[in-house]
Amino acid sequence: MLGAMNSLLVTGGRVIDPANQFDSIADVLIADGKISRVGQGLSAPEGAEILDAKGKVVCPGLIDLHVHLREPGQTAKENLATGTAAAARGGFTSVVCMPNTSPAIDNSGTVALIRERASREGVVNVFVTGAISKNIAGEELAPIGALKRAGVVAITDDGHCIQNNELMRRACEYAKMFDLPVMDHCQDYSLVTEGVMHEGYWSTVLGLRGWPAAGEEMIVARNVLLAELTGAKIHCQHLSTAGSVALLREAKKRGVPISGEACPHHFVLTDAAIAGSEKFWSGDGKALAESQMDELPSWPAYDTNFKMNPPLRPAGDRDAIIEGLADGTIDILCSDHAPHCDYEKEVEFDYAPFGITGLETELALTLMQLVHSRRLSLPDLIAKYTVAPARLLNLPKGALGPGADADVTIFDPVADWIFHATESASKSRNSPFNGWKLKGRAVATIVGGRKVWSEQNDLAAV
Ligand SMILES: [Zn+2]
């Protein structure tokens, strides 16, 4: 094969590769699906496609380690093709899918099915997680060794949480034996009961059942103790409270193998948003309102696109999550992309399913809240989407060194655009950010040397 036939030269961008501590204006040469060279003034091999990235950021392909692709069994909400198309549009070259499907991904056969389908229908790389417990019922361990052999990158009962601490301890011991991290959705059922939003001022005003912060923190504390006891790597998913950040900060100082992730909705929005847009923009959202146009995005009280699990919290928690991201306590950013059909969400707040879509808005929201607001540097933000998740899950991804897979994201950090949920590549529309003016957007997504999405030809390459 002629190498030149398959080469691509990305020129003149600001190349940021945190894994290699590289941050400079440079070119990136891709040949046969691999990174060939990164440097200045590279010449294009004959027949190479040239992509001008002047004024743009060029970085290792972004990884979202918390995504619900809804296969198998829930394809009315999303499928591998639409979910990965949304990922590509958002600038993500790899996603990690959660096992709370129907049936659950709790056996090697289902893992094989997803991997096979993803390789045929997926636009980006799909890594699979397996359940901790059979059918995610929290009663009996799933076959963790067989899941590992089938290729899972972690185990999690996401959407649910193992309440029995002894069972969780055994899961950690097996996971350690098989060198798999345990990812945990932290929710103490006895404290949370039927809670649908944060327990506090707004739940009282709105008359909705509360989901107290302690319901999350109880399990984060449990996980700190079990990580210490077993030596297993425990990763706390979608942290939402100040107390969780404090627990993690203290444990990491002592060298406990624990980590955490945060999702944009928890550090952009607050529980005031459930009282409607006016209450939000005039209160907790005041600073953000300046980034919007004169006519602010509006939504009614009890809008179910603001219902997720864990729930939106008060401003103090939102600020603590940002502080945790800024000081390195929280290592990883992700979306918890959780698509649901309109008819499922168009019911009373109490009855609507938890979750929102997020793949297409997360890069902009994190840039706005963390980088443009000067709380985090651009390289630190990129690290939380690349080298950090790759290290946690032992993925051969997240860096741009010669020989690495040519997964590359090119984005414009200051591009202004408006997100319209109806134009999303996802099958679902359940985003609270519909109509928001956002800053920062992917302009090209390259997976294994192939441009799978670009601003110019939206998905044309697929
Ligand atoms: Zn979850």
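What the table shows:
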{"item": "The listed residue being in contact (Cβ under 8 Å) with a residue 40 or more places away in the chain and open to solvent by 10 Å² or more (accessible area, probe 1.4 Å), out of 165, 135", "result": "165"}
{"item": "Pair list, Cβ under 7 Å, 6 or more apart: segment 273-294 residue buried (at least 16 other Cβ atoms within 10 Å of the Cβ), other residue of a type in the set (Ser, Thr, Tyr) and in a loop (DSSP other than H, G, I, E, B)", "result": "274/302; 277/298; 284/270"}
{"item": "Given (1) closer than 30 Å to residue 434 by Cβ; (2) touching a residue at least 24 places away in the same chain (Cβ under 8 Å); (3) surrounded by fewer than 23 Cβ atoms within 10 Å (Cβ to Cβ), index of the condition residue 229 fails", "result": "(1)"}
{"item": "Qualifying position, being open to solvent by less than 10 Å² (accessible area, probe 1.4 Å), within 20 Å of the chain's Cα centre (by Cα) and farther than 23 Å from residue 392 by Cβ, among 28, 95, 58", "result": "58"}
{"item": "Sole exception among (1) over 21 Å from residue 65 (Cβ atoms); (2) assigned to a helix (DSSP H, G or I) for residue 255, by number", "result": "(2)"}
{"item": "Scan of segment 307-321 for residues that are within 27 Å of residue 424 (Cα to Cα) and either more than 16 Å from the ligand (Cβ to nearest atom) or open to solvent by 10 Å² or more (accessible area, probe 1.4 Å) (or both), ordered by number", "result": "309, 318"}
{"item": "Residue check, residue 88 assigned to a helix (DSSP H, G or I) and either among the small types (Gly, Ala, Ser) or open to solvent by less than 20 Å² (accessible area, probe 1.4 Å) (or both)", "result": "yes"}
{"item": "Positions within segment 31-52 being in contact with a Ser or Thr (Cβ under 6 Å, 6 or more places away or on another chain) and crowded, with 17+ Cβ neighbours inside 10 Å, in sequence order", "result": "31, 45, 48"}
{"item": "The lone exception for residue 245 - which of (1) open to solvent by less than 10 Å² (accessible area, probe 1.4 Å); (2) in a helix (DSSP H, G or I); (3) farther than 17 Å from residue 313 by Cα; (4) away from the ligand (no atom under 16 Å from the Cβ) it fails", "result": "(3)"}
{"item": "Scan of segment 129-158 for residues that are closer than 28 Å to residue 62 by Cβ and more than 16 Å from the ligand (Cβ to nearest atom), ordered by number", "result": "147, 148, 150, 151, 152, 153"}
{"item": "From the options 393, 381, residue that is surrounded by 21 or more Cβ atoms within 10 Å (Cβ to Cβ), touching a residue at least 40 places away in the same chain (Cβ under 8 Å) and farther than 22 Å from residue 233 by Cβ", "result": "381"}
{"item": "Segment 170-195 residues that are within 16 Å of the ligand (Cβ to nearest atom), paired with ones that are in a loop (DSSP other than H, G, I, E, B) and basic (Lys, Arg) (beta carbon under 9 Å, 6 or more apart)", "result": "181/233; 182/233; 195/209"}
{"item": "Any hit, segment 331-338, residues being more than 23 Å from residue 417 (Cα to Cα) and within 21 Å of the chain's Cα centre (by Cα)", "result": "yes"}
{"item": "Of residues in segment 15-54 being of a type in the set (D, E, K, R) and either in contact with a Phe, Trp or Tyr (Cβ under 8 Å, 6 or more places away or on another chain) or not in a loop (DSSP other than H, G, I, E, B) (or both), the one nearest to residue 381 (Cα to Cα)", "result": "17"}
{"item": "Helices (runs of 4 or more DSSP H) fully within segment 303-411 counting 1 or more residues that are of a type in the set (Ser, Thr, Tyr)", "result": "342-345, 362-366, 378-385"}
{"item": "Matching residues, segment 1-25, being open to solvent by less than 90 Å² (accessible area, probe 1.4 Å), modelled with pLDDT of 95 or more and among the hydrophobic types (A, V, I, L, M, F, W, C)", "result": "8, 9, 10, 15, 16, 19, 22"}
{"item": "Of all residues in segment 322-350 being under 18 Å from residue 204 (Cα atoms) and open to solvent by 20 Å² or more (accessible area, probe 1.4 Å), the one that is nearest to the ligand (Cβ to nearest atom)", "result": "350"}
{"item": "Sole exception among (1) assigned to a strand (DSSP E or B); (2) among the small types (Gly, Ala, Ser); (3) touching a helix residue (DSSP H, G or I) at 6+ places or on another chain (Cβ under 6 Å) for residue 12, by number", "result": "(3)"}
{"item": "Condition broken by residue 225, with the remaining ones in (1) within 16 Å of the ligand (Cβ to nearest atom); (2) assigned to a helix (DSSP H, G or I) satisfied", "result": "(1)"}
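The values are calculated or read from the model by the stated rules, or taken from the named source; none is laboratory data. Just so we're clear, the structure is a prediction, and the values are computed from it rather than from any experiment. Don't worry about glycine lacking a Cβ; one is built from the backbone with ideal geometry, like all the others, and counts go over all protein chains shown. Only protein heavy atoms, including side chains, enter the accessible area calculation; ligands, DNA and RNA are left aside. Shrake-Rupley method; radii C 1.70, N 1.55, O 1.52, S 1.80 Å.
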